[in-house]
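To keep things clear, I will list the structure first and then write my remarks on it.
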Amino acid sequence: MERNPPPPPSPWENQLRSLLHSIKVSDVVETRTQLISQLGELDVTDGSERASILEFLTTSWEDFTCLDVSQCMLNKTILQVATTYLESDVSICLTQLLALGTKASIWSRKHMKMTLMSTIDSQDSQEEEHYCLFFQVLLNMLSHSASVLRALERLPVSTGKELMSLVETFIMELLNLTKDSILEVKKILTFGPEVLKASQVVLDAVISLCKAYCNDVKLDYDATTEKDDVNHIITITKCAVETLVNLGVVAANDGGDLVTVLNLSWKGVVTLLQLYKGTLSVKMNISEVIMSLISLATGSLSCAGKTWSTLMEPVSMADARRIFIPVKFYLINAARIISHYPSQAFSIFKDITLCILIILSFRIFLGEKEIFKSASEALTELLEPTAIHLLNSLLNSAQLEHNHKCQILDWLFSDIPISNFAPKDGKWTPEIFSSACDLMNGSNTLLLGQLSLFVNLLRSGPDLEDGVTLEIAKKLNWLLDILIEENVYSSILSFPVPLLHNSGHQNMYSSVIHALKTFMLVVSSTSIWRVVESFLLENFFHPHHLCWEIIMELWCFLIRHAESDTGNDIIIKLCTILKTTASWESVLNPDSVLRKLAKSICMILKNGSPSLADTVFNFIFNSNLSKLSSAMYIALLIEGFPLNFLSDKVRSLAKKRLVTDYFCFLDAFDDESSSKYGDGMFGAPVFALSAALQSLQVSISDTEMKTIKLLTSMVHKYNNTRDNSKDRYLKLVSETLGIISGMKHLYLSDEMEKLILELRNLFTLNPSVPNTELTKCKPNLAAFVAGLGDIEFEESDHNSKFSASWELFHMLLQERHWALAHLAITAFGYFSARTSCKELWRFVPEDAALSFDCEFGKDTDEERFMSEFKVFLDKEAADVKTTPSENEVALLVKEGLVLKQMVEKILIDAMEVDEIRRVDKKRKFPEGISEGVSLLQNGLRAIANGISLWKQNRLDYSDVNGEFLTKFSQLEDAVEHMAAAIEYGGPVVVGGQG
């Protein structure tokens with residue numbers, strides 16, 4: 001059978017062979033260029049022929065890097081012809097397209113460097129022609145390559161090793177060319193914007209190809225069973241990510257001209273890392289990518305701090321936002337990567353957390369300077385939430401083990417040396433702390449940043465997992481320890497914190513309180529509450545006043561929002577403890593447990609429901625069972641027991657008791673036997689009424705002016721007493737002065753003149769009285785003399801009341817102690833505003849404290865007194881400043897240091913006491929005594945239940961008189977003290993007597 005003859009060649013085939021032959025034999029570049037351009041005009045439909053042409057074009061590519069116009073024209077023509085073949089199916093000729101593209105990328109990259117070097121300061125017209133022609137070729141090359149990438153995207157992932165190798169090489173060389181083009185774009189005159197735009201098109205195409213490959217192949221990478229297609233995709237993506245990271249760093253350091261590249265590169269990095277999840281971490285170091293973003297953020301802040309440190313004018317909000325918005329961009333992208341690669345991020349958690357501390361410390365540093373207020377607000381709005389989110393990305397990760405999260409928190413809230421802020425590569429330095437370090441020593445620079453971070457974590461409680469929240473709860477004591485540091489103490493009281501969304505400022509102290517309350521609410525219904533509850537109980541008597549105030553604020557918050565039964569239960573338990581600590585000896589000691597506990601109870605009552613005050617009052621005076629009830633009551637009154645919170649009936653009873661006891665004491669004062677006053681405290685009713693009057697909760701009428709006579713009599717007894725009772729009379733003098741200062745109508749009494757003279761004699765004319773003893777009375781004396789402004793004076797030297805009054809003012813205004821000087825000048829101001837006296841100069845001594853010069857404290861000047869007095873009055877009338885002066889902050893630092901030293905001493909003393917107790921524990925009471933006391937307690941409970949049942953049934957128990965109930969109360973007190981002594985290994989105390 002005869003074969004069919006082959007079909008005759010088509011016209012384009014004959015023309016193609018002719019053109020190819022002519023090109024091969026031609027030695028003239030221009031001729032070859034013209035002939036190749038004709039190839040693009042042929043309508044070649046056969047795929048194998050297209051592949052042959054592309055292979056021929058690849059071999060025809062001029063890869064010499066001579067700066068020749070004809071060579072550039074030839075290569076430009078080859079690209080134009082090759083591009084026409086991309087309009088149809090390229091699967092058959094893909095190998096040839098990749099080979100040509102690779103060769104063209106290598107040539108373009110080398111040729112661009114030589115072109116840019118040769119055209120520096122060159123005026124040659126031929127070189128200028130070559131310059132223009134080459135960059136046209138480069139633009140065509142980038143456009144052609146982007147089209148090849150889009151063609152690859154439409155095809156399935158390559159499976160043949162040879163083709164995969166070609167694709168990888170093509171993309172790698174193309175990315176190198178693109179990166180160099182962007183790096184040199186500022187040198188490319190005229191064509192710079194076009195080259196930049198074309199390069200971004202290529203980058204976008206590479207990102208799109210990697211995304212398409214990821215969707216086509218299941219990326220279940222296993223190092224033990226590697227798959228060629230998976231390795232191929234990961235290799236391409238790794239190369240793309242590394243190039244994008246490099247470009248992202250370059251664009252960030254460029255100063256803003258490459259913003260589009262910055263956005264494209266980092267968004268591309270995050271997109272690819274999120275798509276490929278854990279598979280890329282096997283082939284590349286993800287922690288380095290995160291570290292690049294962290295370094296960009298800290299570097300930007302460092303440069304800002306260095307620039308702003310030399311400024312004399314305020315930084316505007318617009319300038320601050322211009323600097324902080326890129327930093328926020330870096331942090332957001334870092335947080336996105338961390339959320340997908342937490343294990344890799346954990347390896348650099350110290351760098352990440354230091355970046356967060358830099359941001360928060362920088363915000364505080366800026367806020368302390370008036371010219372940086374706007375910058376501080378901008379940082380609070382833009383960076384602080386993002387920084388906290390960065391940390392939460394680690395703490396909330398399900399891929400990190402709990403011990404890793406504990407390690408992060410332990411590092412964050414430890415003593416971090418300032419040296420940790422100096423990077424190992426030395427590329428940037430922490431100038432942002434240069435000024436702050438002048439005020440703080442060592443790691444104290446970071447304390448406020450750490451405190452701010454802890455506060456933010458407390459607020460983040462609802463967004464954190466339970467395990468992390470538990471660890472934060474365990475570190476609540478760290479918060480109190482850090483507040484004791486003098487620099488933190490001064491800042492928390494003086495530093496205003498900007499709120500989010502430009503909603504004003506909040507005092508740092510208020511910020512801490514608010515965060516703790518938020519945390520309490522979050523954990524209140526979880527098992528973590530036990531840790532918080534233990535924290536509140538352990539620090540109920542914290543020795544540092546600021547820490548104690550915070551703890552009490554939290555207790556008040558708890559009482560205010562807890563169920564009523566819970567509040568009552570807490571108050572009853574506190575009152576029970578108060579009862580066990582009550583003794584007359586501790587009533588006037590402000591450092592006693594009785595007074596401290598009374599102060600805490602009063603603060604809680606003022607913030608709780610009014611019914612709690614009734615609960616406390618009824619507990620103390622329940623049928624007058626305890627003889628130490630008065631001691632407990634006076635301690636509560638001294639600490640500000642809220643009488644006005646009592647119900648009408650109970651308040652009436654309480655006030656009646658105060659006034660009745662006081663007048664009974666007045667009537668019995670001159671009786672010599674009254675000085676013993678039973679087993680209680682001498683003058684207890686005076687202390688009780690004085691405390692109630694000073695809190696403006698009780699008012700009494702005193703028509704017989706017994707109080708003035710009482711005070712005069714006390715002064716006489718003080719002067720005439722030579723034994724140890726002298727001091728208690730002086731205490732009563734002080735308290736009675738406080739009572740009179742709260743009863744303005746007494747100043748109009750005829751007896752007042754005699755009292756003023758007695759006080760003048762006591763305080764100014766009695767050299768036998770040590771000044772240190774009288775100093776204790778001077779605070780209440782200042783309150784007393786302030787009220788003299790309501791008296792009409794005859795202003796003459798012969799008026800003894802007038803002269804005695806200004807002599808008392810002289811004595812007070814001469815006081816140099818800052819507290820007494822403040823009280824004295826306050827009293828003088830009150831007096832001056834109300835008195836009818838014209839000759840006020842008589843009341844001011846020449847050596848008044850405010851008359852001395854501040855620098856040396858030697859020279860006095862009357863005009864200086866009046867000037868300082870005016871400043872004082874202006875301060876009293878002025879609104880409180882939110883920003884303290886440098887002198888005020890320095891004083892707070894000194895105060896904080898003194899308090900810190902005091903707390904350290906208390907803790908050392910407590911450790912010594914604990915050591916003694918450990919030794920004393922060896923001397924236990926015999927078992928029989930403990931058992932017997934337990935039986936007694938059970939018996940007392942049975943008796944108390946019986947009395948309660950008797951009352952409830954309203955049975956007649958008139959035959960059981962008050963003596964029985966009194967004896968029962970005494971027995972109950974004795975047994976309670978015995979039980980406490982056995983429990984704590986101390987001496988048995990009965991009825992408050994040791």
Consider GLU792 carefully, then state whether it is more than 30 Å from LEU891 (Cα to Cα) and assigned to a loop (DSSP other than H, G, I, E, B).
yes
Taking into account only those residues within region 594-622 that are β-branched (Val, Ile, Thr) and modelled with pLDDT of 90 or more, which is surrounded by the fewest Cβ atoms within 10 Å (Cβ to Cβ)?
THR615
Starting from region 640-659, keep only residues that are farther than 13 Å from VAL616 by Cβ, then list their pairs with residues that are surrounded by 14 or more Cβ atoms within 10 Å (Cβ to Cβ) and among the polar types (S, T, N, Q) whose Cβ atoms are within a distance under 7 Å, requiring at least 6 positions of separation or different chains.
ASN644/GLN697
Are any residues in region 827-867 part of a loop (DSSP other than H, G, I, E, B) and either at pLDDT 65 or above or not assigned by TED's automatic domain parsing to the domain that holds LEU781 (or both), and if so, which ones?
THR835, SER836, CYS837, LYS838, GLU839, VAL844, PRO845, GLU846, ASP847, ALA848
Checking the structure you have, find out if any residue of region 64-82 is charged (D, E, K, R) and modelled with pLDDT of 85 or more.
yes
Selection over region 165-200 where residues are closer than 15 Å to GLY101 by Cβ and hydrophobic (A, V, I, L, M, F, W, C) yields a count of 9
Residue list for region 152-167, filter: surrounded by fewer than 19 Cβ atoms within 10 Å (Cβ to Cβ) and in a helix (DSSP H, G or I):
GLU153, ARG154, LYS161, GLU162, LEU163, SER165
From ILE325, ILE371, grab the single residue that is farther than 21 Å from ALA252 by Cα and surrounded by fewer than 23 Cβ atoms within 10 Å (Cβ to Cβ).
ILE371
Cβ-Cβ under 7 Å, sequence separation 6+ or interchain: first residue in region 230-258 and without any contact (Cβ under 8 Å) to a residue 60 or more places away in the chain and under 15 Å from MET172 (Cβ atoms), partner of a type in the set (Ser, Thr, Tyr) and buried (at least 23 other Cβ atoms within 10 Å of the Cβ). Which pairs?
THR237/TYR276; LEU244/SER265
Positions within region 148-161 being touching a residue at least 12 places away in the same chain (Cβ under 8 Å) and more than 25 Å from GLN80 (Cβ to Cβ), in sequence order:
PRO156, VAL157, SER158, THR159, LYS161
Before we move on, is THR469 surrounded by fewer than 17 Cβ atoms within 10 Å (Cβ to Cβ), hydroxyl-bearing (Ser, Thr, Tyr), touching a residue at least 24 places away in the same chain (Cβ under 8 Å) and more than 28 Å from ASP591 (Cα to Cα)?
no
What are the pairs with Cβ atoms under 7 angstrom where one residue, in region 729-751, is closer than 15 Å to VAL715 by Cα and among the aromatic types (Phe, Trp, Tyr) and the other, located anywhere, is at pLDDT 85 or above and surrounded by fewer than 20 Cβ atoms within 10 Å (Cβ to Cβ)? Sequence gap at least six, or different chains.
none
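Would you confirm whether any residue within region 512-521 is outside any helix (DSSP H, G or I) and either crowded, with 16+ Cβ neighbours inside 10 Å or of a type in the set (D, E, K, R) (or both)? Before you say what the answer is, go through the steps one by one.
Of all residues in region 512-521, those outside any helix (DSSP H, G or I) come to none.
Checked against the condition, which is being outside any helix (DSSP H, G or I) and either crowded, with 16+ Cβ neighbours inside 10 Å or of a type in the set (D, E, K, R) (or both), region 512-521 yields no hits at all.
The values are calculated or read from the model by the stated rules, or taken from the named source; none is laboratory data. All of these numbers come straight from a predicted model, not from anything done at the bench. Here the Cβ is made from the backbone with ideal geometry for all residues, glycine too, and neighbour counts use every protein chain on show.
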